[in-house]
Amino acid sequence: MFPTSASVVIIGGGVHGLSTAYHLAKRGLNDVIVLEKEPQLASGSTGLSAGGIRQQFSTEVNIRMSQYSVQRFERFQEERDADPGFRQVGYLFLLSTREKVAIFRESVALQHHLGVGTEWLSPGEVKIRWPFLNVEDILAATYNATDGYGDPYGVAMGYARQTRRLGACILTRVEATGIDVVGGRVRGVQTTKGSIATEMVVNTSGPYAHLVGKMAGVDLPAHPYRRQVFATAPFPQIPRDAPMTIDFHYNWYFRPEGPGIITGMSKMDQPPGFDLTVDQERMLKVIKHGIHRAPVFEEARIMRSWAGLYSVTPDNQPIMGTVPGLEGFVCAVGFSGHGFMLAPASGLTLAEIILDGAAQTFDISEFSFSRFADRTALTAEKHVI
Ligand SMILES: Cc1cc2nc3c(=O)[nH]c(=O)nc-3n(C[C@H](O)[C@H](O)[C@H](O)COP(=O)(O)OP(=O)(O)OC[C@H]3O[C@@H](n4cnc5c(N)ncnc54)[C@H](O)[C@@H]3O)c2cc1C
């Protein structure tokens with residue numbers, strides 16, 4: 001039987017929708033429906049993510065939320081009965097321009113103030129720890145040992161299992177096609193399987209944020225941008241405990257993945273869109289830069305590749321919370337490439353907004369939709385690739 005009403009309808013069965021549903025159900029509100037248009041949960045950005053988890057951000061709210069999320073990932077197995085695949089191999093940012101070093105000086109001071117143990121490393125220190133890296137053109141680096149990477153699909157499915165155990169409803173192959181708004185209030189959701197009456201809709205549709213926003217008459221400035229990922233065959237030349245390594249100036253990264261590595265390089269000058277093709281030219285650029293940064297990459301063999309979508313906002317900060325003038329519409333979208341790692345904190349926060357009327361644990365004023373009305377109110381997150 002298709003449900004015809006719910007207290008809360010969540011549009012999007014990725015890690016944010018599922019974390020939100022879990023946190024609502026855990027607090028006793030299980031009259032919740034999650035709608036996922038695809039046959040599989042977490043098959044959008046979540047399942048295509050590189051899974052990096054770090055506390056090295058430039059804004060206080062991102063540092064605080066990621067510190068909280070790291071604690072949850074550390075205890076995910078005991079708290080959520082699922083393996084998050086969390087490997088705390090650290091995150092290494094390589095800095096090769098004075099401008100980037102200056103930006104990181106400020107943010108590392110903030111990270112220290114908030115209790116993150118980020119280390120400054122000289123090129124020589126980097127070389128001693130990770131001899132396979134070429135540090136000739138590096139000025140400095142930052143490293144935090146408790147960062148690392150996890151399994152976004154495993155985390156999302158952990159939330160999904162707990163949510164179902166707590167009695168909430170998760171539907172796949174059901175697409176939200178419209179949101180009923182009457183007199184500035186949400187009244188229901190139209191779907192490909194029928195209508196659901198509700199007074200609360202949550203937009204956690206990832207790269208589709210803008211389209212779902214439009215259904216409620218809201219112009220959310222969060223747009224999809226393609227990111228390509230390349231996975232190698234077994235590559236024992238790179239140690240399994242190598243950190244997630246970001247060559248910040250070049251938007252290039254790699255990390256171990258099973259017996260191989262995954263690597264990518266964000267292309268910043270592309271138009272938004274839903275294109276998910278992988279292009280040969282990008283692959284060659286990624287490999288070429290890889291060989292420069294770690295000459296041993298010459299021996300790497302690309303075995304698989306895929307593309308996923310970032311949902312990007314003008315200040316690289318998510319849009320979280322309510323929308324002025326529209327009652328019953330809440331969103332958590334536009335995570336700009338760091339959404340997986342913030343999902344535990346974001347689900348907690350959305351549940352607080354829905355059940356308590358406002359965020360309690362974190363000050364998310366920088367994430368408000370209304371910040372875009374006054375562009376001078378934007379505080380950009382600077383550590384993004
Ligand atoms: C290549 C790549 C690398 C990344 N690397 C990292 C990283 O290292 N660390 C990190 O923290 N983050 C990373 N991210 C970002 C992270 O993956 C995302 O921020 C996060 O997964 C977003 O989760 P979500 O639940 O909001 O979106 P999604 O996982 O995309 O889920 C949204 C879901 O909504 C569904 N949906 C959309 N519209 C509708 C509708 N109308 N009706 C029903 N369902 C609908 C979609 O099918 C989708 O399943 C990366 C992303 C990509 C693409």
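The values are calculated or read from the model by the stated rules, or taken from the named source; none is laboratory data. These numbers come from a predicted model, not from an experiment. With ideal geometry, Cβ positions are generated from the backbone for all residues, glycine too; neighbour counts draw on all protein chains shown. Protein only, heavy atoms only, side chains kept; ligands, DNA and RNA dropped before computing areas. Shrake-Rupley method; radii C 1.70, N 1.55, O 1.52, S 1.80 Å.
Structural remarks
- Any hit, region 60-79, residues being in a loop (DSSP other than H, G, I, E, B) and either over 27 Å from residue 363 (Cβ atoms) or within 16 Å of the ligand (Cβ to nearest atom) (or both): no
- When residue 148 is tested against the conditions (1) closer than 30 Å to residue 242 by Cα; (2) open to solvent by 10 Å² or more (accessible area, probe 1.4 Å), the lone failure is (2).
Residue-by-condition table, conditions (1) within 16 Å of the ligand (Cβ to nearest atom); (2) out of contact with any Asp or Glu (no Cβ under 9 Å at 6 or more places or on another chain); (3) farther than 23 Å from residue 66 by Cβ:
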| site | (1), (2), (3) |
| --- | --- |
| 314 | no, yes, no |
| 327 | no, no, yes |
| 330 | yes, yes, no |
| 339 | yes, yes, no |
| 346 | yes, yes, no |
| 357 | no, yes, yes |
| 367 | yes, yes, no |
| 371 | no, no, no |
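- Test: residue in region 96-110 that is at pLDDT 95 or above, open to solvent by less than 20 Å² (accessible area, probe 1.4 Å), closer than 30 Å to residue 46 by Cα and in contact with a helix residue (DSSP H, G or I) (Cβ under 6 Å, 6 or more places away or on another chain): no
- Given (1) open to solvent by 10 Å² or more (accessible area, probe 1.4 Å); (2) within 27 Å of residue 373 (Cβ to Cβ), index of the condition residue 209 fails: (1)
- When residues of region 311-355 are limited to those that are assigned to a loop (DSSP other than H, G, I, E, B) and small (Gly, Ala, Ser), the one surrounded by the most Cβ atoms within 10 Å (Cβ to Cβ): 334
- Residue satisfying all of: in region 208-232; out of contact with any Pro (no Cβ under 8 Å at 6 or more places or on another chain), assigned to a loop (DSSP other than H, G, I, E, B) and more than 13 Å from the ligand (Cβ to nearest atom); nearest to residue 330 (Cα to Cα) among these: 218
- Boolean, residue 179 is touching a Ser or Thr at 6+ places or on another chain (Cβ under 8 Å) and within 14 Å of the ligand (Cβ to nearest atom): no
- Test: residue in region 228-244 that is open to solvent by 30 Å² or more (accessible area, probe 1.4 Å), under 22 Å from the mean Cα position of the chain (by Cα) and among the charged types (D, E, K, R): no
- Pairing each residue of region 337-350 that is touching a residue at least 12 places away in the same chain (Cβ under 8 Å) and on the phi > 0 side of the Ramachandran plot with any residue that is crowded, with 24+ Cβ neighbours inside 10 Å and of a type outside the set (Lys, Arg), provided the two are 6+ apart or on different chains, yields C-beta distances under 6 Å for 337/310.
- Options 41, 48, 18; residue that is within 14 Å of the ligand (Cβ to nearest atom) and open to solvent by 40 Å² or more (accessible area, probe 1.4 Å): 48
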